[in-house]
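Working notes for the structure below.
The values are calculated or read from the model by the stated rules, or taken from the named source; none is laboratory data. Since we're looking at a predicted model, the values are computed, not measured. Neighbour counts run over all protein chains shown; Cβ positions are idealised from the backbone, glycine included. Each accessible area value is taken on the protein alone, full model and side chains, heavy atoms only, with ligands, DNA and RNA left out. Shrake-Rupley method; radii C 1.70, N 1.55, O 1.52, S 1.80 Å.
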Amino acid sequence: MQVCNSLRFHVKSSIIAPPCQLEETKTSTKMEEVMLEPTLYTIKGMAILDNDGNRILAKYYDKNVFPTVTEQKAFEKNLFNKTHRADAEIIMLDGLTCVYRSNVDLFFYVMGSSFENELILMSVLNCLYDSISQILRKNVEKRVIMENLDIVMLAMDEICDGGIILEADSGNVVQRVALRADDIPLGEQTVAQVLQTAKEQLKWSLLK
Amino acid sequence: MIGFKRDSKKDEEDGGGNPFQNLEKTTVLQEARTFNETPVNPRKCTQILTKILYILNQGEILGTVEATDTFFAMTKLFQSHDVILRRMVYLGIKELAPIAKDLFIVTSSLTTDMTGRENLYRAAAIRALCSITDGNTLQQSIERYMKQAIVDRNAAVSSAALVSSLHMTRFAGEVVKRWVNEAQEAINTDSIMVQYHALGVLYHIRKTDRLAVTKLVAKLTKSTMKSPYALCMLIRITCRLIEEDDVGTNSKLFEFVQSCLRHKSEMVIYEAAHAIVNMKKTGARELAPAVSVLQLFCSSSKPTLRFAAVRTLNKVAMTHPAAVTACNLDLESLITDANRSVATLAITTLLKTGAESSVDRLMKQISSFVSEISDEFKIVVVKAIRALCLKFPRKHSVLMNFLSAMLRDEGGLEYKASIADTIITIIEENPEAKETGLAHLCEFIEDCEHTSLAVRILHLLGKEGPRTKQPSRYIRFIYNRVILENAPVRAAAVSALAQFGALCADLLPNVKVLLARCQMDTDDEVRDRATYYSVILNCNDAVLNNRFIVENTHLSLPTLEKSLHQYTMQPSETPFDARTVPVAAISPSEEARLAAAEEISTKPKTAIATMTREETYAEKLRNIPQLAALGSPFHSSPAVDLTESETEYLVKCVKHVYERHLVFQFICTNTLNDQLLENVHVHLDPLPEGFVVAANIPCQRLPYGEAQSCFTVLTFPDVLAISVGSFGAVMKFSTKDCDPATGLPDSDDSYDDEYMLEDLDVSVADQMQKVAKANFAASWDEAGDENELEDVFALTSMQTLDEAVKNIIQFLGMQPCERSDRVQEGKSSHTLLLSGVFRGNHDVLVRAKLALSEGVTMQLAVRCSDPEVSELVTNSVG
């Protein structure tokens, strides 16, 4: 009887009072990833949010990072809450390094793994922002971006293809998204661009 | 035309709101019918297509039918020559590719665009085409065009082809491998991105071939690449080579990485510094230049650069704190950085490198902004503080105050638990901090909403409280919980109260009164516990108290559950005997936590196993019928290698000790892919006197690359004194030659063969299970001196007490009690208290008095219920 009684008690007590273990946070495991294999798949995601934290456009490139839209949007909300007040440019969240930039009512984000070179991510963010700024003729705000959503989509597609940085120079991006000469003020074009457009116009006039 | 489009859109905008607001999937898909009209209206169609892409991006999900219909409608738009519309069509194809069916119908249109003259189409068409191809079409129809595209003069086309090839390696790796020459050519172009992409493709193709990678790196490190991205990639590849080949830091490869520290692009400089810091073998000399560039970055105007630099310095501080001290001034200026992440990282770095004198100042600064940072970073701060406490024990009062302030703040369970953990560690490490620490924890449970934490703290109070100077002060805190909290906390509080009753004679009457009140509780667990403790305490028997209140028997819970289950399945008259259940080994969490405190976030920690080694093995052994009859193993040793790691056959041995039997589990791996081994078993010869082989369980089939086990069961000799010894071992098997590719044997012919293994030892430690005693003195007295054996040994080979203590613990395989495994510095004598359970469930207690005098002299006293065990333990030490 004695044995049974004591046994029962010990089982219960060990269940209720576990030996000291509550370690291991979700973030720490993610933050402590091993050194990554050299690869071109650098970008985990890009997003443009409005000033309520709602998605205007967002792309995620890694199936293991936020596979569903619900998870993505939850992450975006969280990201927005952490970043919309502080003008800090970089934050680590949910095991990702996120660089960001904002203007009027728009927030631009580029996400990479926590082991990624932060400066590479920054160069992609700058390219994203500068391209869109040129496309929108410096009117970087929600109303204008919605009007030119097609071109902005093309630009995002030109910057990153399936997680690989395709182009990080905003001049090249703008040129490749098929903006015609009359869409960019002449002062912001490079000589090459001017020549290119001149050539094209000539060609088109001949084709007609 | 496009200008016109913009204007007309603007008109719409002025009249109404956002054209993309409140779009409905069905309406938008209806609108897609417009695509079928001829002639195509580019402006209208572009807008509809944008809407479709927009709702997809917002998370609408199309069914296969919807997607396929839309896709087919879209193909009509190839008639139009509007550039933007065409490009949007490509985008649409890519978006719908994973859902829609019959994608191949656009293959020819895209191929035409890809090879056409319009440059604006070509690059994008390649990418769209590659997203809809499968391995077959790729090989048959477009491989030729892809090869041309890779070496195209237009950078966009070349990049698009290279990036698409990389995507396609997932399903057509073999085809892409044939493009290696084209990629090689592309790497020599001037375009920044093409160079980067070509390097990525080349590396991917060659990464399994070490020699080819070495050549590639050797060639590229000599030429100067223009693209900073390609250089970053090259640095990573180089580092991987350095780590894998384990070449020293004097090699050409390392020189290249170091030379990148002087590159003009910050991106490359940082990549190189980061790489040097992360290399396993870098010493202080190699780190210095990397640290000095990071120091420069600390004063940059760009937050990202500062963040990157501090984060990397933080990593250096973990391994080489001295190397970072030079940056302390720069780091201090970052404490007030607007980016809180930068500030937190700067402070934690400083805490790691700083001197004792700066601690107070730093803590003040942290407290000024700790409320503004996220929980994740707070935990980083807490971890840094824990490391600090271990480093500067004298600063505990400052740190403890800070921690208790943090405890009172808002925060999630994870955060609170990490603080409580830290306080508990400090209490355990530093006896001086105990009273203040317990006081802070008492205050915290007064207002703690997390049940699990409250239970843990109560458990700790029960353990530590009775041993403080004024145990009575804790009673009030604990009893308050009984009045105010939920059932699990009340139950834990009752257990804690009982501890006080058992250990503090003067409090006993009060505790009895309190426990009597708890017997009226509404929850049955609380009532049960209170009744149980009251009965024991009322007996006034110190031995009973010690055995059933103070000590926790460490039965292995999963095994106990199994045994009980089995017992209920076969009804019998005999009562269940708890002694048949093996005791659980002390979990290594204690050590793991200490280790974690030191290297806070460098390595990924393997998830802490919920089962001990014994329990996992027991689970497997139960599945083998011959072994199941023996019951559960009492103790399983860690696996020991019986072969070198590079030999044909790898054999590891695990020793399972049962009450009367010994089972060797040989885990064999066959590393020859042209051999199939059959009937593998291990022959033991010579056997030490008294051991008898009871059974042999061979492994029937051991194919290449699989780890399989065979077993040998022995019975222990009846005389305990000879139950230790050394076994010779030979692995015997029959071999069949087989085809390396399929693993099937060539013929039925086989020949017998054998393979010498290293000798196996069975020691006292193998037969001993670690068990902690909370109150060693009481257990020692309880064991009595009837079975005590005492002897004096001279351990001449040991130079320090610390070394002697470690060796004795390892040799006997017993658990040190009451922290006697830590030798205080500068002492010339020490008492080590050990406890364990010997097979057959004999409690063994060992008291070793050590003195330092030309080597270490040890007076060993062993108490055990079985005199033979005492003798064995004493003899084995000598």
Can you tell me which residue in the range A:103-112 is farthest from B:A272 (Cα to Cα), limited to those that are away from every other protein chain (no Cβ under 13 Å) and open to solvent by 10 Å² or more (accessible area, probe 1.4 Å)?
A:V104
When the range B:109-130 is examined, which residues are found to be modelled with pLDDT under 85 and over 21 Å from B:L162 (Cβ atoms)?
B:R117
Is there a residue being assigned to a helix (DSSP H, G or I), touching a residue at least 24 places away in the same chain (Cβ under 8 Å), among the charged types (D, E, K, R) and out of contact with any Lys or Arg (no Cβ under 8 Å at 6 or more places or on another chain) anywhere in the range B:42-50?
no
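Quick check on this structure: which one of B:T468, B:T522 is more than 26 Å from B:E432 (Cα to Cα) and among the polar types (S, T, N, Q)?
On inspection, the qualifying residue turns out to be B:T522.
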Inside the range B:261-283, can you point out the residues that are open to solvent by less than 20 Å² (accessible area, probe 1.4 Å) and more than 13 Å from chain A (Cβ to nearest Cβ)?
B:L261, B:T282
Among (1) modelled with pLDDT under 90; (2) open to solvent by 40 Å² or more (accessible area, probe 1.4 Å) - the single one B:H204 does not satisfy
(1)
Residues of the range A:70-102 being open to solvent by 50 Å² or more (accessible area, probe 1.4 Å) and more than 11 Å from chain B (Cβ to nearest Cβ), in sequence order, are A:A74, A:K77, A:H84, A:S102
Please verify whether the range B:841-853 includes one or more residues that are more than 30 Å from the chain's Cα centre (by Cα), modelled with pLDDT under 80 and in a loop (DSSP other than H, G, I, E, B).
yes
Every residue from the range B:284-305 that is open to solvent by 40 Å² or more (accessible area, probe 1.4 Å) and closer than 21 Å to A:L125 by Cα:
B:S301, B:K302
Filter the range B:773-794 down to residues that are in contact with a helix residue (DSSP H, G or I) (Cβ under 6 Å, 6 or more places away or on another chain), at pLDDT below 80 and not acidic (D, E), then give me how many there are.
5
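A:I151 - would you say it is farther than 29 Å from B:S131 by Cα and surrounded by 23 or more Cβ atoms within 10 Å (Cβ to Cβ)?
So A:I151 fails the test.
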Could you pull out the residue among B:L407, B:L438, B:L390 that is more than 13 Å from chain A (Cβ to nearest Cβ), closer than 26 Å to B:T348 by Cβ and open to solvent by less than 40 Å² (accessible area, probe 1.4 Å)?
B:L407
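Tell me, please, whether a residue that is acidic (D, E), in contact with a Ser or Thr (Cβ under 7 Å, 6 or more places away or on another chain) and not in a helix (DSSP H, G or I) can be found in the range B:400-413.
yes
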Odd one out for B:C130, checked against (1) buried (at least 18 other Cβ atoms within 10 Å of the Cβ); (2) over 45 Å from the mean Cα position of the chain (by Cα):
(2)
Matching residues in the range B:631-643 - criterion: being farther than 16 Å from B:E561 by Cα and either among the polar types (S, T, N, Q) or open to solvent by less than 50 Å² (accessible area, probe 1.4 Å) (or both)
B:H635, B:S636, B:S637, B:L642, B:T643
I'd like to check something: does the range B:43-61 contain any residue that is more than 14 Å from chain A (Cβ to nearest Cβ) and open to solvent by 30 Å² or more (accessible area, probe 1.4 Å)?
no
Is there a residue in the range B:470-487 that is assigned to a loop (DSSP other than H, G, I, E, B) and acidic (D, E)?
yes
On the given criteria, is A:R137 assigned to a loop (DSSP other than H, G, I, E, B) and open to solvent by 20 Å² or more (accessible area, probe 1.4 Å)?
yes
Filtered residues of the range B:90-130 (kept if hydrophobic (A, V, I, L, M, F, W, C), away from every other protein chain (no Cβ under 11 Å) and assigned to a helix (DSSP H, G or I)):
B:I93, B:L96, B:L103, B:F104, B:I105, B:V106, B:L110, B:M114, B:A125, B:L129
Just one of (1) closer than 26 Å to B:E485 by Cβ; (2) charged (D, E, K, R); (3) open to solvent by less than 60 Å² (accessible area, probe 1.4 Å) trips up B:D447, so point out which.
(3)
For the range B:706-717, check the following and say yes or no: at least one residue is in a loop (DSSP other than H, G, I, E, B), at pLDDT 80 or above and open to solvent by 80 Å² or more (accessible area, probe 1.4 Å).
yes
One residue is enough: does the range B:353-374 have a residue meeting the conditions crowded, with 24+ Cβ neighbours inside 10 Å and of a type in the set (V, I, T)?
no
Would you say B:E689 is assigned to a strand (DSSP E or B), open to solvent by 30 Å² or more (accessible area, probe 1.4 Å) and touching a residue at least 24 places away in the same chain (Cβ under 8 Å)?
no
Please go through (1) farther than 27 Å from A:V65 by Cα; (2) open to solvent by 20 Å² or more (accessible area, probe 1.4 Å); (3) in contact (Cβ under 8 Å) with a residue 12 or more places away in the chain; (4) not in a helix (DSSP H, G or I) for A:F115 and return the number of the only condition it doesn't satisfy.
(1)
Might you check whether a residue that is open to solvent by less than 30 Å² (accessible area, probe 1.4 Å), touching a helix residue (DSSP H, G or I) at 6+ places or on another chain (Cβ under 7 Å), at pLDDT below 85 and within 11 Å of chain A (Cβ to nearest Cβ) occurs anywhere in the range B:14-24?
yes
Among the listed residues A:R180, A:R176, identify the single one that is at the interface with chain B (Cβ under 10 Å from one of its Cβ atoms) and at pLDDT 85 or above.
A:R176
On the basis of being surrounded by 21 or more Cβ atoms within 10 Å (Cβ to Cβ), aliphatic (A, V, I, L, M), farther than 20 Å from B:H204 by Cβ and touching a helix residue (DSSP H, G or I) at 6+ places or on another chain (Cβ under 6 Å), does B:A161 make the cut?
no
